[in-house]
1. As an exercise, use a Förster radius of 56 Å and the Cβ-Cβ distance of A:PHE122 and B:SER10 to find the FRET efficiency, rounded to the nearest 0.05.
2. Give me the lysines in straight-line cross-link reach of B:LYS421: C-alpha distance below 23 Å, same-chain residues under 8 apart excluded.
3. Taking segment A:7-308, how much of its Cα-Cα pair set, in percent, is spaced more than 36 angstrom apart?
4. Working from the pairwise distances between different alpha carbons, so that the mean of 1/r is found and then inverted, what is segment B:348-392's Kirkwood radius in Å?
5. Could you work out [θ]222 nm for chain B from helices alone, using -39500 (n - 2.57) per DSSP H run of at least four and dividing by all its residues? Round to the nearest 500 deg cm²/dmol.
6. Rounded to whole Å and sorted largest first, what semi-axes of the equivalent ellipsoid does the C-alpha gyration tensor of segment B:124-241 yield via the square root of 5 times each eigenvalue?
7. Taking trypsin sites (Lys or Arg not before Pro) as exposed when DSSP calls them loop (any state but H, G, I, E, B) and at most 12 other Cβ atoms lie within 10 Å, what is the longest stretch of chain A free of them, the sites themselves excluded?
8. If you plug each phi of segment B:111-126 into the Karplus form 6.51 cos²θ - 1.76 cosθ + 1.60 with θ = phi - 60°, what whole-Hz ³J(HN,Hα) values come out, in order, with x for Gly and Pro?
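The values are calculated or read from the model by the stated rules, or taken from the named source; none is laboratory data. Just so we're clear, the structure is a prediction, and the values are computed from it rather than from any experiment. Virtual Cβ from ideal backbone geometry, glycine too; neighbours counted across all protein chains shown. When the accessible area is computed, the model is the full protein with side chains, heavy atoms only, and any ligands, DNA or RNA have been set aside. Shrake-Rupley method; radii C 1.70, N 1.55, O 1.52, S 1.80 Å.
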Amino acid sequence: MNALLRYASPILFVVVIATFGVLSPKFMTADNALNILVQSAPVGIVTIGMTFVLLTASVDLSVGAIMFLAAGIAGKMLQADMSLSVALGTMLVIGVASGGINAAFIARLRIAPFVVTLAFLFIGRGVALTITQTRAMNLPEGFLRLGSARIGGVPLPLLIFGMMLLIAHATLTRTPFGRQLYALGHNPVTARKAGLNTSLLLASVFLISGFCAALGAILSLAQLGAVSPKFGEAYEFKAIAAAVLGGASLFGGRGTVLPGTLLGVVLIQSVEAGLVILNADPYLYPIITAAIIFIAVLIDSGRNTLLERLNRRRIRNDSAQA
Amino acid sequence: MNAMPAIEFSGISKSFAGVRVLRGISFKLGAGRTLGLVGENGAGKSTLMNILGGNLLPDTGLMVLGGTPYTPQGPTDAARAGVAFIHQELNLFANLSIAENLFLSALPRLGSLPWIDRKALHDRTATLLGQVGLAIAPDTLVEQLSAGERQLVEIVRALALEARLIILDEPTTSLSVRETETLFSLLRRLQARGIALIYISHLLEHVRELCHDLVILRDGEVVAQGSIETYDTPAIISAMVGRSLTRLYPERRGTSTTAPLLEVRSLTQVHIVRDISFTVHRGEVLGIFGLMGAGRSELARILFGLDTAQHGEVRMGDRVINRGEGPRERMVRGLAFLTEDRRHEGLCLEASIADNLALVSLRQHARTPLRLLDRNTWQRAISTVRAAVRLTEKVSDAQSVQTLSGGNQQKVILGKWLLAKPEVLILDEPTRGVDVGARFELYQLILDLADRGAGVLMISSEIEELTGLCDRILVMSQGEIRGNFPRAEFSREHLLAAALPREAHA
């Protein structure tokens, strides 16, 4: 039981891939695999940021709004004939700044992350709709070229995604900062007692999440070629779902970027791609995706109940059986 | 041996809300020596150690640590000064490795790069573990360790912080015999290295085995101190119990009958309680005495269906309660439970007195076809029960319960259960944090209940109040019942002796 819970994500992954592989021969091709990976890049990068947030037992509901806000402003700048690199730089700055606003309310004023980022979801989206006057904006050629560019034969979005995965993985596993995030997520009170600057740690994950949202927005725009009023919608849901599917716990302290986040994102993207290949009724997509997410969350809470039972305080020492 | 004491307390006093919990504590501990700190629950041990550990500030008094004045403003100050406090609840991160736990706030880096120097981290941890004779790989995740190993890691962490004084609070509670031996051999190495230890335990054999000096606290005062050899166990017990002021207890009018109301047979839950059997009779006030961590509250939670037990049987009247029945079903059977944590588990603090009182009996007032609340009968019930528990008349029904004193809050909880007309009432520390005047009224209410034919199971850490109120007292320790004293055999010394944990024999 314990092992089943521990390896739930990879097991689920293999089951889903195998199911689609059996149902459709086209699914198990190199082309399709590459396609799924490239498609995964934007939501994957947002999910990397979300994984950092979830590790601290927080949540960031504002990532979709940050994406739209950054995209809307960049779109306006490009319409005003400003250069692409300035627009892209501005998007990243907006991402970090938005994360900073979240961080200030959460880490300094100690307001629940759920509330702060939910407010940002609506306010950020509202501001962006005002800026774009709720109209779709087409983006210049140059933006689209980012999406189709290849470096050494590897599609640029995939390259960026891969680099982000490696950097995030190294940060979480090999730096004091990363390890301290795990400690904070496990028990914030103990973390403070251990001399960690818990406010700073908490603030930084929202900055990271804001940055990742903006970078994800850039890659997504490069695939879409336009900013629509629905841009970034439901990304918070997808990112949380992918992170949890990859083994991150909503209760904090548990989760990895490699293989976790990668696995979760590719899993969600595979389901969508598989359903397209199978020509499934589009109305089925959300139901099937939701069912898979439900299973993942169920496993997460099952894992936690089990851990809680194992860690229950003992009054006496009985031999393990009895 | 160093002549300078490792720590010296002089005249430490501390009050909470006007209640003196420590008065003029003075004693000292030499470097490399180990001091056993013993006393009943509430004697002031935790408060004193929290002052030493920087969690609390003393009202008056001085501490001198290794020759220099010591005034910690927080746990970080204490850690910096070389004082480590190892709590019963361990402060480890189960999701990190041993090495990461030891050096979390100061992980070694590769030069000025942001990366952790994993080799240095590994080597330093291995050295520390080696020094204390622990053969565990530094990369092992803490969640893979047993309770005993975690305890040892916690001590090694104190060493990593270069602690010179380590406080241990009941470190052996959840350890097996072998783990306890390992712990003690580790502590002896620390003694040899000149580290001073303060060892808090109710397990007097362990105190005797490990400690050089002894300090006994009672009611916030040092009642005895000196070399451990000068005290035998009966002398320690009688110093712990002492003679405190006699309180008055209301007179009991009725008497206990022999009609069983609640019968418990061989209740067992691994690591929690073992083979618990007893009966609460109609009209009886049955006390359960025990020290902190004896398993009394855990037993109460099992009886009320909040936790489960693997074996055993619970009967109410002539019916067996099924294992799967939760609090709701057990309430219907006539069981009520006043928890030890009145603020979090007993009350909805923000809600009004009326809402709290009506909480468990709401269904009785939902009589209309639509199951809407009948405000009239509801209001009548609340007025009646307010009078019955003699709740202060100065507050209105609509006032939130958090504005009430501890005693009045407890009356609200009692009133809430009275409205459900229970057959058996389980009371867990009902007078904790309640002042003397309100206590008397609570005692009166408890006796009235028994006189009217209910059974009362009263858990308390105060021998005094149990001997004053109960018809019979059970003593629990280490999750077992260790004594059953009828009123004629009440003796403070015997009760406490039964409550002290015993060394396990493998």
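1. Step by step, r from the Cβ atoms, then E = 0.40.
2. B:LYS421 reaches B:LYS411.
3. 15 percent
4. It works out to 11.1 Å.
5. When only DSSP H runs of four or more count, the value is -9000 deg cm²/dmol.
6. Numbers: eigenvalues 178, 45, 29 Å².
The equivalent ellipsoid of segment B:124-241 has semi-axes of 30, 15, 12 Å.
7. In short, A:1-109.
8. Running phi through 6.51 cos²θ - 1.76 cosθ + 1.60 with θ = phi - 60° gives x, 9, 6, x, 7, 6, 7, 5, 5, 4, 4, 4, 5, 4, 5, 4 Hz.
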